[in-house]
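A.B. asks: Sharing a structure, written as structure tokens. Questions coming.
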């Protein structure tokens with residue numbers, strides 16, 4: 001692929017500049033402009049961006065609407081929370097309990113020994129594998145059950161929502177094993193490193209930004225391959241793709257698992273940044289909110305999803321701080337307004353209004369940089385078609 | 001836990017104020033001092049850790065759900081806390097400073113509670129937080145409060161098993177409600193068999209654990225114990241079981257919307273609570289809940305709590321009058337609302353006893369503080385940060401009020417980690 005052969009050239013391209021702008025915002029501007037408390041909140045918003053990026057792939061590109069992404073986010077988060085909780089529940093720290101050495105909520109629920117499925121979470125390596133592996137495994141099972149039977153569209157969305165409801169009920173009901181509705185709270189250290197200090201939170205923020213870019217590049221890599229094109233084709237004309245000899249179900253399962261993996265990483269980071277995990281992130285409302293981040297950012301744009309997650313959550317915090325009585329109405333108005341007025345979200349808005357300006361500016365200031373024509377493509381002021389990826393190089 | 005980092009981590013108050021602002025304050029304080037109006041201690045003396053205290057104001061936080069499923073329960077607490085703050089301000093404030101509050105919405109969502117608590121402590125530098133309702137929200141907020149060394153006044157009756165140096169628990173912990181309630185049922189009603197029923201989460205489970213141990217100790221019998229998920233609305237099967245086992249007492253800790261279904265279905269099944277066969281003793285239905293269930297559906301049930309709106313004492317009459325004057329005549333006041341009202345008052349007394357807003361000094365000053373003007377009567381803060389308080393048994397009337405039928409002669413000692421009950 002040409003782009004990977006010359007990353008510098010890619011950075012100078014329009015797409016590269018967008019990524020640079022986002023990196024500049026997240027790595028330089030926000031950390032300088034915000035105090036550690038606000039930066040920590042941005043870190044929390046960014047963990048939702050992982051889910052939103054996954055949804056762009058799964059829903060925006062491949063057309064599979066999942067209303068249960070909270071499940072994968074939550075599973076990733078719970079895996080991390082279990083590890084941290086075990087670390088916090090040393091026999092010394094829990095000496096006051098009837099059974100020291102087990103998490104506090106188990107003791108309250110009359111458990112006297114650690115359940116078997118908690119045991120492996122003593123190991124950090126296992127936890128790291130599990131926080132991606134568990135969500136992916138569940139996505140694989142759901143995908144195999146659904147897509148091979150050609151369940152799709154609305155039916156699939158409803159089933160994912162039901163799974164979100166089931167998992168929430170399961171976790172709340174089995175409180176001795178899961179912490180119930182309280183969730184797993186009071187997480188303190190990661191391998192002896194106190195995650196509650198400002199320094200730790202700032203570092204975790206940068207880790208979060210780094211991993212988010214890793215996810216973005218992974219998603220971009222997939223989208224620019226033949227694989228990505230098949231996903232888009234599948235969305236537009238599933239039958240044609242099938243009759244062309246492709247196994248549609250396999251592609252769907254793949255992209256669904258990919259989105260689950262992203263969500264799992266986001267959930268694990270959420271646990272680290274926020275310091276606890278509870279079933280309220282798994283439920284239907286949380287899952288739908290995640291779809292809204294993606295819709296607001298623009299469901300076809302990877303970067304739009306990141307901005308969407310940032311914006312919606314910042315608005316949520318901002319509105320609820322300044323107008324505690326009115327904020328749910330303002331949030332509702334924001335969603336309805338954006339979806340009605342700009343169906344392609346922020347990214348669509350940007351493409352319609354800002355991009356033409358940008359194109360004009362580019363042409364005037366830097367008359368054809370040699371890099372652009374060399375790749376022999378676009379920036380020709382054609383109206384934007386969201387189904388076509390304008391940034392992809394020609395097939396190699 | 002984290003006390004020292006907090007002091008260093010906090011910004012000194014007033015840095016955000018312009019030079020002109022501070023000059024004005026200076027001038028004002030000089031004028032105040034020269035007229036020798038009141039002995040208002042200077043801010044640097046009463047605030048050494050950078051809380052939001054100025055020469056004439058002090059900032060506190062109110063953190064409850066005013067949206068979402070818990071709003072209906074928590075709004076009463078918000079109203080009570082605001083009423084107390086207004087009354088304290090009208091009486092001259094705290095150490096000569098008017099209380100200003102920052103209200104945040106926990107939105108019935110535990111992580112939001114944690115985020116808002118962090119915001120109140122880090123951004124607003126509040127001197128105290130009055131808030132939280134469910135155990136889940138308290139558990140979410142607790143690490144934050146401990147990390148940044150804040151002080152939370154928590155109003156709800158709860159399961160105990162907790163004692164944080166950064167929380168004052170103004171509601172009852174489980175043993176205070178349960179032991180007195182069961183003793184009363186055994187002594188005055190001759191109860192021998194009990195059926196334990198609750199919503200499925202930590203508070204009912206812990207409460208029933210304590211109840212069961214106590215019943216065992218008395219040599220009596222538990223004939224059934226059942227839990228239903230939050231929001232459950234089908235109680236027919238348990239009603240049949242109850243009819244079969246014929247317990248003397250149903251000990252109920254069902255919460256929230258489930259109550260509506262439970263009491264209506266009991267009534268539909270032909271149970272008349274005024275017959276007291278079986279007698280129903282609840283620790284979870286306050287006047288607030290009855291408003292949702294309907295007085296006619298709970299007529300005759302007994303509740304074991306520390307406060308009922310109908311309590312007949314001068315403090316309570318003043319309180320009910322002030323509450324209705326502020327929020328309307330149709331307001332009802334439940335146990336938690338009253339406990340929330342205690343928060344600002346107990347904080348004010350602790351600050352004045354300590355002569356400082358510093359959290360560490362308030363913590364030291366709090367045990368032993370007495371509040372004689374409490375609507376529930378006299379309360380005192382125990383070493384373990386819970387309140388000594390009396391427990392009352394009330395019988396629900398059709399108008400949605402409880403008639404007080406019994407009151408413990410002595411204050412019940414709070415015992416969040418009861419020996420032999422765990």
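A.B. asks: Roughly speaking, what is the centre-to-centre gap between the range B:46-61 and the range A:113-139 when only Cα atoms are used, to the nearest Å?
C.D. replies: Cα centroid of the range B:46-61 versus Cα centroid of the range A:113-139: 46 Å apart.
A.B. asks: Moving to a separate point now. Fewest Cβ neighbours within 10 Å first, please rank A:225, B:392 accordingly.
C.D. replies: A:225, B:392
A.B. asks: Then there's this: In percent, what relative contact order does the range A:41-342 have, based on Cα pairs under 8 Å that are 6 or more apart in sequence?
C.D. replies: 39
A.B. asks: Within the range A:252-292, find all residues whose amide N lies under 15 Å from a label point positioned 7 Å from the Cα of residue A:222 along Cα-to-beta-carbon.
C.D. replies: A:252-266
A.B. asks: Does a label point 7 Å from the Cα of residue B:296, set along Cα-to-beta-carbon, have any residues of the range B:383-418 with amide nitrogen under 15 Å, and which are they?
C.D. replies: Output list for this probe position: B:397-400.
A.B. asks: I would also like to ask the following. Under the 0.36 nm per residue contour assumption, what length would be gained going from the current alpha-carbon distance of residue A:285 and residue A:326 to full extension?
C.D. replies: Full extension from residue A:285 to residue A:326 adds 12.9 nm.
A.B. asks: Okay, next question. Can you give the extra length, in nm with one decimal, that the chain gains between residue B:364 and residue B:313 once fully stretched, where that is 0.36 nm per residue apart less the Cα-Cα distance? Walk me through the numbers on the way to the answer.
C.D. replies: Working: separation 51, 0.36 × 51 = 18.36 nm, distance 3.10 nm.
Here the answer is 15.3 nm.
A.B. asks: Per residue, how big is the convex hull around the C-alpha atoms of the range A:99-250? Give it to me in cubic angstrom, could you?
C.D. replies: Spelled out: Cα convex hull of the range A:99-250, divided by residues, is 163 Å³.
A.B. asks: Right, next: Based on DSSP H runs of at least 4 residues, each adding -39500 (n - 2.57), what is the mean residue ellipticity at 222 nm of chain A after dividing by all its residues, to the nearest 500 deg cm²/dmol?
C.D. replies: Estimated from H runs of four or more residues: -20500 deg cm²/dmol.
A.B. asks: Separation of the range B:258-332 and the range A:289-328 by C-alpha centroid, Å?
C.D. replies: Each part reduced to its Cα centre gives a spacing of 41 Å.
A.B. asks: Quick one: compute the contact order of chain B, relative version, from alpha carbon pairs under 8 angstrom and 6+ residues apart, as a percent.
C.D. replies: Worked out over chain B, it gives 17 percent.
A.B. asks: Related question: For the residues A:206, A:72, A:256, A:50, what sequence is obtained by ranking on other C-beta atoms within 10 Å, fewest first?
C.D. replies: A:206, A:256, A:50, A:72
A.B. asks: In addition: Quick one: Debye curve from the C-alpha atoms of the range B:203-282, no solvent, what's log10 I(q)/I(0) at q = 0.24, 0.25, 0.26 Å⁻¹?
C.D. replies: So the normalised log intensities work out to -1.34, -1.42, -1.48.
A.B. asks: Applying a 10 Å radius around every beta-carbon, put A:319-328, A:132-141 in order of their mean neighbour count, most first.
C.D. replies: The packing order, highest mean first, is A:132-141, A:319-328.
A.B. asks: Still on this structure, please answer the following. Over all directions, how big on average is the projection of the convex hull of the alpha-carbon atoms in the protein assembly as shown, in square nanometres?
C.D. replies: Details: hull surface 154.8 nm².
It is 38.7 nm².
A.B. asks: Ok, one more. Return the calculated 222 nm mean residue ellipticity for chain B, to the nearest 500 deg cm²/dmol, obtained by summing -39500 (n - 2.57) across DSSP H runs with n ≥ 4 and dividing by the residue count.
C.D. replies: So the helix-based figure for chain B works out to -13000 deg cm²/dmol.
A.B. asks: Something else now. Would you work out the relative contact order for the range A:42-128, in percent, from Cα pairs under 8 angstrom that are 6 or more residues apart? Let's see the in-between values first.
C.D. replies: On the way: 59 pairs, mean separation 17.6, N = 87.
Normalised by residue count, the contact order of the range A:42-128 is 20 percent.
A.B. asks: Per the Cauchy relation, a quarter of the hull surface: what is the mean projected area of the convex hull of the alpha carbons in the range B:96-137, in nm²?
C.D. replies: Working: hull surface 12.7 nm².
Over every viewing direction, the Cα hull of the range B:96-137 projects on average to 3.2 nm².
A.B. asks: Under the √(5λ) rule applied to the eigenvalues of the Cα gyration tensor, what semi-axes describe the equivalent ellipsoid of chain A? Give them in Å, descending.
C.D. replies: Values: eigenvalues 291, 122, 80 Å².
So the equivalent ellipsoid measures 38, 25, 20 Å along its semi-axes.
A.B. asks: What is the gain in length, in nm to one decimal, between residue A:169 and residue A:34 on full extension, counting 0.36 nm per residue of separation less the C-alpha to C-alpha distance? Kindly include the intermediate steps, with their values, before the conclusion.
C.D. replies: On the way: separation 135, 0.36 × 135 = 48.60 nm, distance 3.81 nm.
Taking 0.36 nm per residue and subtracting the Cα distance, the gain is 44.8 nm.
A.B. asks: I need the calculated FRET efficiency for the pair residue B:234 and residue A:354, taking r as the beta carbon distance and R₀ as 45 Å, to the nearest 0.05. Present the calculation step by step, with values, prior to reporting the outcome.
C.D. replies: Details: r = 55 Å, r/R0 = 1.23.
Once the sixth-power term is evaluated, E becomes 0.20.
A.B. asks: If packing is taken as the mean number of other Cβ atoms within 10 Å per residue, what is the order of B:175-183, B:68-76, highest first?
C.D. replies: Answer by packing, highest mean first, reads B:175-183, B:68-76.
A.B. asks: Same structure, new question: Spin-label point model (7 Å from Cα, Cβ direction): what's the residue A:92 to residue A:144 distance in nm?
C.D. replies: 4.6
A.B. asks: Further question on the same structure: For the residue pair residue B:419 and residue A:239, what label-to-label distance in nm results when each label sits 7 Å from Cα along the Cα-to-beta-carbon direction?
C.D. replies: The two pseudo-label positions are separated by 8.0 nm.
A.B. asks: For chain B, compute the orientation-averaged projected area of the C-alpha convex hull (one quarter of its surface), in nm².
C.D. replies: For chain B, averaging the hull's shadow over all directions gives 20.2 nm².
None of the figures in this text is laboratory data; all of them are computed from the coordinates on show. Small disclaimer: the values here were computed from a predicted structure and weren't measured. All Cβ positions, glycine included, derive from the backbone under ideal geometry; neighbour counts span all protein chains shown.
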